[in-house]
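Let me begin by presenting the structure, written as structure tokens, before commenting on it.
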4 protein chains.
Amino acid sequence: MRDTATLLIDCPDQRGIVAAVSEFLYRHGANIVHADQHQDAELKLFFMRVEWDMDGFTLPVDPSGGTDGFHAAFAEIATRFAMKVRLERSTRRPRLALFVSKYDHCLADLLYRWHAGELACDVVAVVGNHRDAEPLAQFHKVPFHAFAVDKNNKAAAETEQLALLRRERVDLVVLARYMQVLSPRFVAEYPQRIINVHHSFLPAFVGAKPYHQAFERGVKLIGATSHYVTEQLDDGPIIEQSTTRISHRDQLPELLAKGRELEKAVLSRAVRWHIESRILVYGKKTVIFD
Amino acid sequence: MRDTATLLIDCPDQRGIVAAVSEFLYRHGANIVHADQHQDAELKLFFMRVEWDMDGFTLPVDPSGGTDGFHAAFAEIATRFAMKVRLERSTRRPRLALFVSKYDHCLADLLYRWHAGELACDVVAVVGNHRDAEPLAQFHKVPFHAFAVDKNNKAAAETEQLALLRRERVDLVVLARYMQVLSPRFVAEYPQRIINVHHSFLPAFVGAKPYHQAFERGVKLIGATSHYVTEQLDDGPIIEQSTTRISHRDQLPELLAKGRELEKAVLSRAVRWHIESRILVYGKKTVIFD
Amino acid sequence: MRDTATLLIDCPDQRGIVAAVSEFLYRHGANIVHADQHQDAELKLFFMRVEWDMDGFTLPVDPSGGTDGFHAAFAEIATRFAMKVRLERSTRRPRLALFVSKYDHCLADLLYRWHAGELACDVVAVVGNHRDAEPLAQFHKVPFHAFAVDKNNKAAAETEQLALLRRERVDLVVLARYMQVLSPRFVAEYPQRIINVHHSFLPAFVGAKPYHQAFERGVKLIGATSHYVTEQLDDGPIIEQSTTRISHRDQLPELLAKGRELEKAVLSRAVRWHIESRILVYGKKTVIFD
Amino acid sequence: MRDTATLLIDCPDQRGIVAAVSEFLYRHGANIVHADQHQDAELKLFFMRVEWDMDGFTLPVDPSGGTDGFHAAFAEIATRFAMKVRLERSTRRPRLALFVSKYDHCLADLLYRWHAGELACDVVAVVGNHRDAEPLAQFHKVPFHAFAVDKNNKAAAETEQLALLRRERVDLVVLARYMQVLSPRFVAEYPQRIINVHHSFLPAFVGAKPYHQAFERGVKLIGATSHYVTEQLDDGPIIEQSTTRISHRDQLPELLAKGRELEKAVLSRAVRWHIESRILVYGKKTVIFD
């Protein structure tokens, strides 16, 4: 795997940003692999993602952000343009926990992709509120943790889950059809670091049983949405969406089957983009640097 | 143009329907061109569309439904299976009125398709609450009727519009981005005979300025929906929907431009399917016999 | 699982077929679950698929086609209309052998779908010319058979493979990215019973390394095709195809990754449709009764 | 319409290009509206498109490339990095000639889009080898030129057509379903300035009657391709492609109808991208800066 650094910038739009950043990188020997930028004309915001090869780069890059190295050298530019800056390095693989309930198609899909090398991360835990997915986790040599969650023990269960996540130094929680709503306390510990898949084209069919809602309404397409989890249910920043055609011939079982394909697609893309530092959140929206 | 008859059947599901109908048609010399059927397993309903060549058919077919001919001969079967029956004949071209406001892309698209022979109908009136579309109507040799509608004269304007529709014996009203909400009285006169295009993937973004709503929410796909108009705004039976991908690079003007493509597609398909008697409405849903 | 019978009919088009078939089924107590028919207007051919619940049906249904039961009773109609007839029963699950080389994404996808109940079949063997897929087969409790195939032993290896298929009474061979070309002798033993996935939108990019060919040509979409295998390479009747958008940003690895999604989709659909007796082949074309 | 300048760069990949270009633009007061770049990792090429507002820019921008102004000031950078440079200005609208035969759906679509403001160009001529499209051209107030072309007068007709194009100072020729093959002499006069639409997913079904070929082959998707015209038929750099699903129910007329939608879409996008200077050709491939 190539050793690259990735810089994500989010600041008010103004002249000279690209010139300053690219001159800085050039001066320190960066061989740029990918660069992309975006201006939100209405909100006057500027977003940039630039990735460069560490081979030949003359500054130390430590994503955890020490006071020397890249951050120190870049501080003047960051201050001048009032930038929010994030720095990642490809060699530091993010650590993932996958949460699942009974439906395991998204889990199986993510584990297979990980196994096949599509996801540059370490999956360190599978968390289930049922034990159905345990053999699948074992096949992929990932520890499985069962937490039977119900109304009475939910707070306690979350406390244990959070302890597990801390112990395993988890960077990203993926809700792979995990059917429990996380409490605000849980969400607050992992801001923009919990990805969920909702089985509808949000904001249509918020809440429970979206395929049933879709079937009742008689829509001609069904959808799925992956998004960051916020305190408000199904309302976080959308990362990816997809739809597929259905017809009157499709009864509920066909909707569910077609929906599974969408869910796998939108969730796995969201996870990959997060891992590759391609997502910038601003307000309720995301920029995806593909 | 081929002279065919089309029979649409809607009844409780039970054994023997297809046998009875196909034996009846065979006995009277029907050469079946297309036949399709659908069972709603949950609601125990049966739907059928069958189209046959009139060449060699031994019964008179009069869609307006006299007491002799097809209807008389078929009455026994219709009664036995408690059928709702609709009979159409391809040589009887439906008469359309197209309503438009300022945005004329759907109107231009429909008129072009009509002119090119894709829509087997007669467009007998273009109705606008602005005069922008008048030259386009004239180019296609369709009378243009302007009704400047505002809050104060809306009821009176609708009365005149309804008079026009009656005078022109209009079978189908198409709201081709007509930005006035029709009153319940108007809608009641043309049940399942008014088709609207809404510029969102319903039921998301009901009401005004759906592209603005979509932009605010940060969705990754935008959509459009064609549907029959009912008393409740944007809530009628959906005929067709389509979505297309957008990204953060797409600001509002790009959303509007991409949306126009969707609107043209879903509206023109809905109109064609209606004209070709391919749509069966039941409850809030539609069966599309394609 | 519901016990249903499915009848597939292929004959010259003429009046009265549907009447005869539906009257026959009604007379013997069939409760029709699905029925679909198709006429090829140009070639004057008629195709039909009808599926009915065995509950209440008064004739024995034996797909292997004894001389009594359904076949005997239906013989008069079949003869009258010069029908080719195929009869299947849902309780008789087809037996599958999956062939694989090194890339195991299609294999993993098929095995997962089978495990999840999407494919109503018995997977009785995984055959590999490499051992990479052995753990995956074992996890799904399917015997794995390795055949190291090279130019010198290919005929002998095929002989052994055919013996295995006979021993296991295999109904359908699925080439899940199996990179060996089967000999005409092999193909001849399983006419319309070997499904392959080709990683291009056929007939574009026949033969080896289609993604490389696509990359060289600078296409804006890549595709995948599932088809029945015939003697002529990549030329058999197409069952399913799909395409996805690529851009200049996609280099070869991205093409391969996007292509894997297509391959999984088109192959798994083809296998499911075959298992559910939804495919009728005529000449080089297929009718898919969905 | 906003007054912007657009710079397209094509050069060997090397460090410092973005820094040099962005510093240059910043120094001369450019307010960058859009910037995008691409590296072909395999061929070691660098491509860039940058667009800036002329308001506040301190250098004269003359696309025809005088020796002073932008070109003079930028010469040092262009030389240093061995750049091929193209400079455009939004206020200089390209002049288009649209060629058509009998099928006028692409022509009608392009003229409507132009009329609606989607295409920032001047359509200065419609050229037809039949007169069918004349009324449409007249409605849009574009001079119509008829050239009845046959085997014997083709060379003479092309000479006249070329004279017309020169007289009208045409920048871009669009073959909107123009069914005559242009001679190498004609093509050579407008390199990368003739856009054609081919009614198949190239490279499948090159040459005549592609929908018939597709129908014979039994494909499950049909496609359309827009491309620059080169000497070799249907072999020029592809600009855009699209496909749509067909089924056995679609006979040739349905293929043609579905194909028309694709043709309109891929041709109008190609024309818009060309007009907005979003296309860079290298070898047989294109970079589309969207």
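Given a 10 angstrom Cα cut-off, can you work out which residue in A:Arg95, A:Arg272, A:Arg167 is the most mobile in a GNM of chain A? So, out of A:Arg95, A:Arg272, A:Arg167, the one fluctuating most is A:Arg167.
What the Cβ-Cβ distance of C:Asp150 and C:Glu189 gives, at R0 = 22 Å and to the nearest 0.05, is a FRET efficiency of 0.50.
Averaging Cα coordinates gives a centre for region B:85-117 and one for region A:155-209; these two points are 50 Å apart.
For B:Gly29, the distances from its label point to the matching points in the remaining copies are 4.0, 8.6, 9.3 nm, ordered from shortest, with each point set 7 Å beyond Cα toward Cβ. Label-to-label distance, C:Tyr282 versus C:Met179, with points set 7 angstrom from Cα along the beta-carbon direction: 4.0 nm. Please list, by residue number, everything in region D:125-155 whose backbone N is under 14 Å from a paramagnetic label point 7 Å out along Cα→Cβ of B:His115. What the label zone holds, given the 14 Å backbone N cut-off, is D:132-142.
GNM on chain A, alpha-carbon springs under 10 angstrom: the most fluctuating residue among A:Ala176, A:Ala72, A:Ala35 is A:Ala72.
So what's the protein assembly as shown giving for Rg/Rh, alpha carbon basis, Kirkwood Rh from the mean inverse pair distance? Mind dumping the intermediate values first?
Values: Rg = 31.5 Å, Rh = 32.8 Å.
Reported Rg/Rh, Kirkwood definition of Rh: 0.96.
Only protein heavy atoms count here; under a 1.4 Å probe, B:His71 has an accessible surface of about 60 Å². Look at the stretch A:208-221: the mean tally of other chain Cβ atoms within 10 Å of its residues' Cβ atoms is 4. Just so you know, the Rg over Rh for region D:100-178 is 0.96, from Cα atoms, with Rh as the Kirkwood radius. If R0 is taken as 51 Å, the Cβ-Cβ distance between B:Lys44 and C:Thr159 corresponds to a FRET efficiency of 0.40.
The modelled label-to-label distance for the pair D:Glu231/B:Asp235, using points 7 Å beyond Cα in the direction of Cβ, is 6.8 nm. Modelled this way, with points 7 Å down the Cα-to-C-beta line, the labels at D:Asp290 and B:Leu252 are 2.3 nm from one another.
Residue separation times 0.36 nm, minus the C-alpha to C-alpha distance between C:Asp68 and C:Arg245: what's the value?
Details: separation 177, 0.36 × 177 = 63.72 nm, distance 5.36 nm.
Extra length from C:Asp68 to C:Arg245 when fully extended: 58.4 nm.
How much net charge surrounds C:Leu45 when only other residues with a Cβ under 13 Å from its Cβ are counted (Lys, Arg +1; Asp, Glu -1)?
Numbers: positive: C:Lys44, C:Lys84, C:Lys285; negative: C:Asp10, C:Asp13, C:Asp40, C:Glu42.
Taking every other residue near C:Leu45 into account, the sum is -1.
Which percent of the accessible area of chain B is formed by carbon and sulfur heavy atoms (probe 1.4 angstrom)?
Numbers: 6030 of 11630 Å².
Solvent-exposed carbon and sulfur of chain B make up 52 percent of the total.
Our analysis of region B:95-288 gives Rg over Rh at 0.95, with the two radii drawn from alpha carbon positions and Rh computed by the Kirkwood formula. Calculated FRET efficiency, C:Glu76 to C:Gln14, Cβ-Cβ distance, R0 = 22 Å: about 0.90 to the nearest 0.05.
Which whole number gives the average, over all residues in B:141-153, of C-beta atoms from other chains lying within 10 Å of the residue C-beta? Present the calculation step by step, with values, prior to reporting the outcome.
On the way: counts 0, 0, 0, 0, 0, 0, 0, 0, 0, 0, 0, 0, 0.
So the per-residue partner count for this stretch is 0.
Counting helices only, and only those DSSP H runs with n ≥ 4, report the 222 nm mean residue ellipticity of the protein assembly as shown as the sum of -39,500 (n - 2.57) divided by its residues, in deg cm²/dmol to the nearest 500.
Values: 32 runs with 366 residues, N = 1160.
Estimated from H runs of four or more residues: -9500 deg cm²/dmol.
Of all the options D:Ala97, D:Ala41, D:Ala75, the one that moves most in a Gaussian network model of chain D with Cα springs shorter than 10 angstrom is D:Ala41.
Grouping the Cα pair distances of region B:31-127 into 5 Å bins from zero gives a pair-distance distribution of 2, 9, 14, 17, 15, 13, 13, 11, 5, 1, 0 percent in increasing distance order. Note on region B:17-58 and region D:1-18: Cα centroid distance 64 Å, given to the nearest whole angstrom. Comment: the Cα-to-Cβ extended label point of A:Ala82, at 7 Å, lies 4.4, 7.0, 8.3 nm from its counterparts in the other copies, nearest first. For A:Ala208 and A:Arg27, compute 0.36 nm times the residue count separating them, minus their Cα-Cα distance, and round to one decimal in nm. Result: 59.8 nm gained on full extension. Between this copy and the others, label points of B:Ser183 are 5.6, 6.9, 8.4 nm apart in ascending order, each placed 7 angstrom from Cα in the Cβ direction.
In peptide D:109-117, how many Cβ atoms from other protein chains are near each Cβ within 10 Å, on average?
Working: counts 4, 0, 1, 6, 4, 0, 3, 6, 1.
Taking all residues of D:109-117 together, the mean is 3.
P(r) tail for region D:157-213, what percent of Cα pairs lie past 14 Å? I get 60 percent for the Cα pairs in region D:157-213 exceeding 14 Å. Residue by residue, region D:275-290 carries 3J(HN,Hα) couplings of 4, 8, 6, 9, 10, 10, 9, 9, x, 9, 10, 10, 9, 10, 8, 9 Hz when phi is fed to the Karplus relation 6.51 cos²θ - 1.76 cosθ + 1.60 (θ = phi - 60°); x denotes Gly or Pro. Accessible surface buried by the C/B pair amounts to about 1400 Å², both sides summed, 1.4 Å probe.
So, for chain A, what is the accessible surface per residue at a probe of 1.4 Å, expressed in square angstrom?
Details: 11630 Å² over 290 residues.
That works out to 40 Å² per residue.
For chain C, averaging the sequence separation of C-alpha pairs within contact (under 8 Å, six or more residues apart) and dividing by the residue count gives a relative contact order of 15 percent. Just so you know, the averaged projected area of the alpha carbon convex hull for region B:248-290 sits at 4.2 nm². Counting only lysines at least 8 places from B:Lys154 when in the same chain, those with an alpha carbon closer than 20 Å to its own are B:Lys102. Computed over neighbours whose Cβ is under 12 Å from that of B:Ser101, the net charge equals +1, Lys and Arg +1, Asp and Glu -1. For region C:193-290, the convex hull spanned by the alpha carbon atoms encloses 88 Å³ per residue.
The values are calculated or read from the model by the stated rules, or taken from the named source; none is laboratory data. Just so we're clear, the structure is a prediction, and the values are computed from it rather than from any experiment. Ideal geometry is used to build each Cβ from the backbone, glycine not excepted, and the neighbour counts take in all protein chains shown. Just so you know, the surface numbers come from the protein's heavy atoms only, side chains and all, with ligands and any DNA or RNA stripped out. Shrake-Rupley method; radii C 1.70, N 1.55, O 1.52, S 1.80 Å.
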